[in-house]
Structure formats: C-alpha cells, structure tokens
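The values are calculated or read from the model by the stated rules, or taken from the named source; none is laboratory data. Treat the numbers as computed from the prediction; the structure is a model and nothing was measured. Cβ atoms come from the backbone with ideal geometry, glycine included; neighbour counts cover every protein chain shown.
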Amino acid sequence: MSDAAIKAKTGKDWHQWFAILDKEAAKKMSHKEIAEYLYEKRGVPGWWSQMVTVTYEQERGLRDRHKKADGYAVSASKTFEVPIRVLYEYWIDDKLRSKWLKDGIAIRKATANKSIRITWSDDTHVDVYFYEKGVSKCQVAVQQTKLASSAQVERNRARWKTALDRLTRIL
C-alpha cells in the first residue's frame, strides 16, 4: 500500500508510523498489543490498525510475508470470458472440475455464483470468490490459507497459476 493511501486513511505515512511504533518499543509487543495501541491510543480504525501492524511487523522482520495468525496464505485470480454461472459450474461439479483440477477437495459451503469454501486434501482451506464483470465475463479469486511455510506459498502459487491457466484453455 502506498504512502499516500495509508496517509489518507490514517493521517500518517509509513515512515511516520514506523517511527512512532519504534519509539513505543513495538518490536517487543505482540501483534495484538500493537494493534490495540494503534486503535485505542492513536485512533486508527480497526482494519487500518491491523494493516499498519502487519506491515510494521513485516518491515521489522517480526513477521514473514504472507504469514497470518493461522499460517501462511496465497492468493490467485483470473478473469474468464464466460458467464459467471459457467465458471461456477466448473468449480462445483466434480466431473467438470476433474478436467482442470486433479487434487482431492471437500466442499464445506457453497453459495451459487458467489463463493465456495473448500478443505484441500492437505487440510488447508481454500476460499473461492466469483465476480461478474459483464454478461459474458467474470473473475475468480482464490485464497488458500493455513499453509505451513513460505515455501509452501510459492509451490501453491505455481499450482494455482497452472490450474487456472488449464481452466482457461478448457473454457
């Protein structure tokens, strides 16, 4: 996120936030303590206090990139030249999905043409979101969480790129 964007939403740029947090010895604080300090003492709105906290932790070497509270996460997205209902069917229907995605999955929850919650064969979680971009155009956004390491992030990033490219060719 740019300095201009963070300043517009919080009143300070990254350099200013890092200086404030360094002065408060935030390197010795937990994630929760930093976020609470920003929210309660500095008036930073909830989501933005989390954004500043995570970015500070990454910048100061306290948190790996892509790491969240429950492990690492990776995201991928792609736009397709098909109606959203067609794309959704290629995710929800086992036979259609097997044409482009070979891994075993368990669907936990699905909302037609909106989202699918999946448990992957390795017990990681995959959230899939569908966005209409016109009558015959849509986008899928995939986020896989609970990954064990940054190395697993990179392997899964490559896996999703390959899978979504394969789906593009099929559609």
**Message:** Report every pair of residues separated by at least 6 positions or lying on different chains whose Cβ atoms are under 6 Å apart, first residue within segment 147-165 and touching a residue at least 60 places away in the same chain (Cβ under 8 Å) and on the phi < 0 side of the Ramachandran plot, second of a type outside the set (S, T, N, Q) and in a helix (DSSP H, G or I).
**Reply:** L147/V153
**Request:** Only residues that are within 18 Å of the chain's Cα centre (by Cα), of a type in the set (D, E) and surrounded by 13 or more Cβ atoms within 10 Å (Cβ to Cβ): list them for segment 123-134, please.
**Result:** D127
**Item:** Where V126 falls short, out of the listed (1) in contact (Cβ under 8 Å) with a residue 60 or more places away in the chain; (2) more than 15 Å from K78 (Cα to Cα); (3) among the β-branched types (V, I, T)
**Value:** (1)
**Prompt:** Going through segment 66-117 one residue at a time, which ones are among the β-branched types (V, I, T) and more than 17 Å from R157 (Cβ to Cβ)?
**Reply:** T79, V82, I84, V86, I92, I105, I107, T111, I116
**Prompt:** Out of the residues in segment 55-97 that are of a type in the set (V, I, T) and buried (at least 18 other Cβ atoms within 10 Å of the Cβ), which is modelled with the highest pLDDT?
**Reply:** I84
**Request:** Hey, could you check segment 98-113 for residues that are in a loop (DSSP other than H, G, I, E, B) and basic (K, R) and say which is modelled with the lowest pLDDT?
**Result:** K102
**Request:** For segment 155-171, name all the residues that are within 13 Å of A73 (Cα to Cα) and either surrounded by 15 or more Cβ atoms within 10 Å (Cβ to Cβ) or not assigned by TED's automatic domain parsing to the domain that holds A73 (or both).
**Result:** N156, R157, W160
**Message:** For segment 98-121: of the residues being β-branched (V, I, T) and under 16 Å from C138 (Cβ atoms), which is surrounded by the most Cβ atoms within 10 Å (Cβ to Cβ)?
**Reply:** I116
**Request:** Would you please name the residue that is modelled with the lowest pLDDT, looking only at residues in segment 140-154 that are more than 18 Å from K78 (Cα to Cα) and surrounded by fewer than 20 Cβ atoms within 10 Å (Cβ to Cβ)?
**Result:** S150
